[in-house]
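A short write-up of the structure that comes next.
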Amino acid sequence: MRMLAPLILPLFILARSSGAPDAAQAQAQVRAASPWTLAFHDEFDTLNLYDGKPGSGWRTEYGFGGEGSLGSRTLASSGEQEVYADPRFKGTAKTPLGLNPFELHDGVLSIVARKVDPATSAQIWNRPYVSGLLTSKFLFTQQYGYFEFRARLPRGKGLWPALWLVPKDNSWPPEIDVMEGLGDPAVVYMTAHSKAAGKHTSDTQAVKIRERPDDFHVFGLLWDRDQIVWYVDGAEAKREVTPADMNRPMYILLNLAVGGSWPGYPGSDFTSARMDIDYVRAWTLDPKATSAPGAAAVPPPSFSGPQPSVVEMLPQAPPAPGQADAVSDRLTSLQAAVRAAMGSGVITREQARSEFEALHQIALRHRTLKYGGKSGVSAADMKDMGEQLDQIESRIGGRTGP
């Protein structure tokens, strides 16, 4: 979830299908002569939060830097501006602040991001927004299987909803991003992060949802020892060979970030937004199902209704040799440099936010030219973007890394 400008593969277009059955019906559909067993599900009729005891519920923070700390409650490395709260969250105060980003309505969980008033901001490390994060680290982990989420995504600049998996053993990468959004529900992104080659690598697939993007959609992930396959509304959207380091139990994360070096930042008129989640389900797979050479598992048919139309790949314009990595590498380097300059006091938080926004605009232009243009990234484009990056580097004191 945390890359500034990941390598994005060609855009797919998907049509919408109808809704899904409940968990009991979903399991009944796959029980007979099926290698799948429903191992975990939350239909969000209630919401149980972690109370320090394993298995008690969803955790509402990452745990980095110690529970309750700022490092545990946001991902500053990605330029995010929110703090992940819950009813027991105290921030820097001595008693709970009464911030609850979770709402339940008719079996649907809403993760609500809100702008806070100055008094509240002062008690949450001067962050302007609160939102919600749920992780199953102490509730459920699994190696391989099929994971499925039915969700409705928010619309608005600077919003970053995500459904993802990371290892229980705290290593990173690997990471599997089942779905990420950037404020436009019509386009979602799917990524696998790995370090199997000795360095961090990732490939991202952009998928366009053609019909009713603002409605609920089903996001699925099939993960076994041989392959990873992503689905939207039952249609395959991305497939790749399972990296060698993606062979350990992972847990589920659901969150709505606000602001960041990839989605940009909300405008001054932002007040609130929500991501709605109908359910989370995970199945285990009988290893014998894929024991034969070249065998491929088929995900359980929990998604009902008419099948979506055939996916359509839009043409990809290949960039000139060496051009793409040069821009991507500088974007990543300067993102780290902006964070370092802010941390050392060279620039203020507001200046850092402005520079992150400038980097975001360059990243958007680069991706648009690389994957959406007919002629790819021209030498003139490269020169212009390079000059813009030079200006950012100059404004932050010539730093090129942390």
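The values are calculated or read from the model by the stated rules, or taken from the named source; none is laboratory data. Every value quoted in this text rests on a predicted model; they were computed, and no experiment measured them. Note that each Cβ is placed from the backbone with ideal geometry, even for glycine, and that neighbours are counted across all protein chains shown.
Worth a mention:
- Residue check for Thr204: in contact (Cβ under 8 Å) with a residue 40 or more places away in the chain, surrounded by fewer than 22 Cβ atoms within 10 Å (Cβ to Cβ) and of a type in the set (Ser, Thr, Tyr): yes
- Restricting attention to the range 155-164, the residues that are buried (at least 22 other Cβ atoms within 10 Å of the Cβ) and over 18 Å from Ala206 (Cβ atoms) total 1.
- Subset of the range 154-181 (residues that are hydrophobic (A, V, I, L, M, F, W, C) and at pLDDT 95 or above): Leu159, Trp160, Ala162, Leu163, Trp164, Leu165, Val166, Ile176, Val178, Met179
- The range 69-93 residues that are within 26 Å of Ser354 (Cβ to Cβ), paired with ones that are among the basic types (Lys, Arg) and in a helix (DSSP H, G or I) (beta carbon under 7 Å, 6 or more apart): Ser77/Arg339; Val83/Arg73; Tyr84/Arg73
- Which numbered condition Ser261 misses (of (1) under 17 Å from the mean Cα position of the chain (by Cα); (2) closer than 28 Å to Glu43 by Cβ; (3) not basic (Lys, Arg)): (2)
- Here Trp223 meets the list (1) within 28 Å of Ser171 (Cα to Cα); (2) out of contact with any Asp or Glu (no Cβ under 6 Å at 6 or more places or on another chain); (3) at pLDDT 90 or above; (4) surrounded by fewer than 19 Cβ atoms within 10 Å (Cβ to Cβ) almost entirely, failing just condition (4).
- Hey, Val229 in a strand (DSSP E or B), among the aliphatic types (A, V, I, L, M), surrounded by fewer than 22 Cβ atoms within 10 Å (Cβ to Cβ) and modelled with pLDDT under 95 or not: yes
- Considering the range 1-104, the qualifying strands (runs of 3 or more DSSP E), each wholly inside and each with 3 or more residues that are at pLDDT 95 or above and under 30 Å from Gln335 (Cα atoms), run over 82-84.
- Qualifying residue in the range 322-344 (condition: among the β-branched types (Val, Ile, Thr) and at pLDDT 75 or above): yes
- In the range 134-166, the residues that are at negative phi and in contact with an Asp or Glu (Cβ under 6 Å, 6 or more places away or on another chain): Arg150, Arg152, Ala162, Trp164, Val166
- Hits in the range 105-125 - residues which are under 30 Å from Asp22 (Cβ atoms), without any contact (Cβ under 8 Å) to a residue 40 or more places away in the chain and not in a strand (DSSP E or B): Asp106
- Matching residues, the range 221-275, being β-branched (Val, Ile, Thr) and either within 30 Å of Leu334 (Cβ to Cβ) or in contact with a His (Cβ under 9 Å, 6 or more places away or on another chain) (or both): Val232, Val258
- Screening the range 165-200 for residues that are crowded, with 20+ Cβ neighbours inside 10 Å and polar (S, T, N, Q) and picking the one that is nearest to Ile228 (Cα to Cα) gives Thr191.
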